[in-house]
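The values are calculated or read from the model by the stated rules, or taken from the named source; none is laboratory data. In this text the structure is predicted, and so the values were computed from the model without any measurement. Every residue, glycine among them, receives a Cβ derived from its backbone with ideal geometry; neighbour counts consider all protein chains shown. Each accessible area value is taken on the protein alone, full model and side chains, heavy atoms only, with ligands, DNA and RNA left out. Shrake-Rupley method; radii C 1.70, N 1.55, O 1.52, S 1.80 Å.
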Amino acid sequence: MKRVILFALILLSACKAKLPDIPGNVIPMEKMELILADMHIADAVAETKAQMGMSEQLIVQEYHEQIFINHGVTRAEFLSSYKFYQDNPKLMDIMYDKILADLSKREQETGKQK
């Protein structure tokens, strides 16, 4: 019986994939989550404004630049960090689970205020 339990523990530990380390030149996950959440909100606002005749692409560019300024990152830093997370889908999945939860929470809070 002890061998079965030991074997099961070894199997379980082998199945758990280790997450890759995040290099120092990559935006940390917590900050990246905030940036991406802001960008998704900005994209939604731009889409709404585009329905009123404004240029969605121009609005998105302006909003994204302001988001980079607000978070103290450059477009190049964001893009290289985003590429890192794209190349590491487990990290991207973890981030987007948190981003979706945050956006859902914000949406609920906005609905309560009306």
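Candidates Arg75, Arg106: the one that is modelled with pLDDT of 95 or more and either over 16 Å from Ile22 (Cβ atoms) or not aliphatic (A, V, I, L, M) (or both) is Arg75. Checked against the criteria, His64 does not count as surrounded by 12 or more Cβ atoms within 10 Å (Cβ to Cβ) and under 11 Å from the mean Cα position of the chain (by Cα). Within the stretch 43-61, which residues are open to solvent by 60 Å² or more (accessible area, probe 1.4 Å) and not charged (D, E, K, R)? Result: Thr48, Gln51, Met52, Gly53, Met54, Ser55, Gln57, Leu58, Gln61.
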